[in-house]
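A short worksheet on the structure shown next.
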Amino acid sequence: MEYGYSNIRLPNDSASYIYTYNQNINTFPEEVFVHEYLHSLERILKERDYEIPNLHDYEKYGYQEERKIGLKNWYYDYMTCNVKTDDGKNVGLDPVVYTLTPPSESDFRYPVQINFSNEEKNIIEKIKGIFKVALKTFQVN
């Protein structure tokens, strides 16, 4: 079983609405974090062969992005398995996903320690980083 991680890049603009709860503009500023977290849960269940709706298929189930709250209603129903299908069934994340333990190093085929403070700044550093990982991973003792 393999797991990934989400990398959330936020705008550098401190005036961005994403950082602020504002009753007139944005009452769900944490939406991007919830969204990426739900992708992690979605993947865990799909890797265990659970049939669940795709996170991005909200329109297929009659949900729309709303001005102040974004997709909050969709996320709530998705997380609580209360998304209604055309035939009246409830679908969404199976509650078992909340009981599963986080991945550990042994869950990865080629585990690599990530030091986010040393994130590559340009393409040359990125390529050097890829070679370092490859050499370390396939090093013969």
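Read-outs: derived from the displayed coordinates by stated rules, not from any lab. Computed from a predicted model, the values in this text were never measured in an experiment. Methodologically, a virtual Cβ is constructed for each residue, glycine included, from the backbone with ideal geometry; neighbour enumeration extends over all protein chains shown.
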Rounded to the nearest 0.05, what FRET efficiency do Ile130 and Glu47 have when you use their Cβ-Cβ distance and R0 = 22 Å? 0.30
Do any of Lys72/Lys126; Lys60/Lys89; Lys46/Lys84 go past 24 Å between their Cα atoms, and which? Lys72/Lys126
Under the 0.36 nm per residue contour assumption, what length would be gained going from the current alpha-carbon distance of Gln23 and Ile123 to full extension? 31.9 nm
Candidate aspartates and glutamates - alpha carbon under 20 Å from Lys128, same-chain residues fewer than 8 apart omitted: Glu119, Glu120
